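Throughout, read-outs are computed from the coordinates displayed, never taken from laboratory work. Quick caveat, the model's predicted, so the values are computed rather than measured. Neighbour counts are summed over all protein chains in view; Cβ atoms, including those assigned to glycine, are modelled from backbone coordinates with ideal geometry.
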Amino acid sequence: MITTLAFSAFIAACGIGMGARAVHDHRAALAWRRSLLDEAARLFPVARITHGADQFPILVGKLEDGRQIKVELVVDTMVCRRLPQLWLKLTLLEAAVCARPRIGALARPTGAEFYSLVHDMPHWFTPPPTNAALLMRGDGSASRQQVERATAMFGSLFSDPTLKEAAITPRGVRLVRQAAQGQRGAHLILRQARFAVTAIAPEIIRRTFAEAAALSRCLADDIPISPDTAAS
């Protein structure tokens, strides 16, 4: 009888301990998520951070020329045979709607990119040659010259293997790139999406913004510029 009671007490203590550890880990994970863009927010004089239902931060900044920048983090676990991905999604919104087509490119498409703008574009184009498979689509309103200029820009941008998507719309442009890859052990054993990153480096935001600025201008009437020119 005593042995049974002691064993039951041991099991109860283990359950309480495991529950407390789970609560601690959950709180730590939420705190980690909420702070990922704190350093990047300092890049913009007027910026605010909110948090989604999953507690990942959403950074919105105002630029001096009236444009707005929005930075979001997206966890992707949709592809079963691939480690989880943490995508950085940067949207540069124009001050006013532009008279330009919707056109974009998506690297290594699987059909499971729930965050993609390209999948919603009906018209197919021949993509530029890159090291990764590239899907290029648009809304069908682009002129031949606009397609050529966008193709050249996509060829330059997607030389970076971390870039996942680049899209141009009348309202703005969007870039999606890999911010981190999930830890293999946590994914294979625990089926969890854990990332070995404590903050999104401001340099990544700065670089992605420069590329977005170049992409925004590539269909303008002036001579297209390269991402390197925009960053200088």
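Here are some notes:
- Listed by chain and number, the lysines whose alpha-carbon sits under 19 Å from that of K62, ignoring those within fewer than 8 places in the same chain, are K70, K89.
- Full extension of the chain between Y115 and A196 gives 26.9 nm of extra length, using 0.36 nm per residue less the Cα-Cα distance.
- Shape class of the stretch 36-231 from the alpha-carbon gyration tensor: oblate, with a/c at 1.5 or above and b/c at least as large as a/b.
- Computed on the Cα atoms alone, the convex hull of the stretch 47-118 gives a volume of 112 cubic angstrom per residue.
- Tensor-based shape of the stretch 88-159 (alpha-carbon gyration tensor, a/c under 1.5 rounded, otherwise prolate or oblate): rounded
- Ordering of 49-61, 91-103 by packing is 91-103, 49-61, highest average first (other Cβ atoms within 10 Å, averaged per residue).
- Rounded to the nearest 20 debye, dipole of the stretch 36-231 from Cβ charges on Lys, Arg, Asp, Glu: 460
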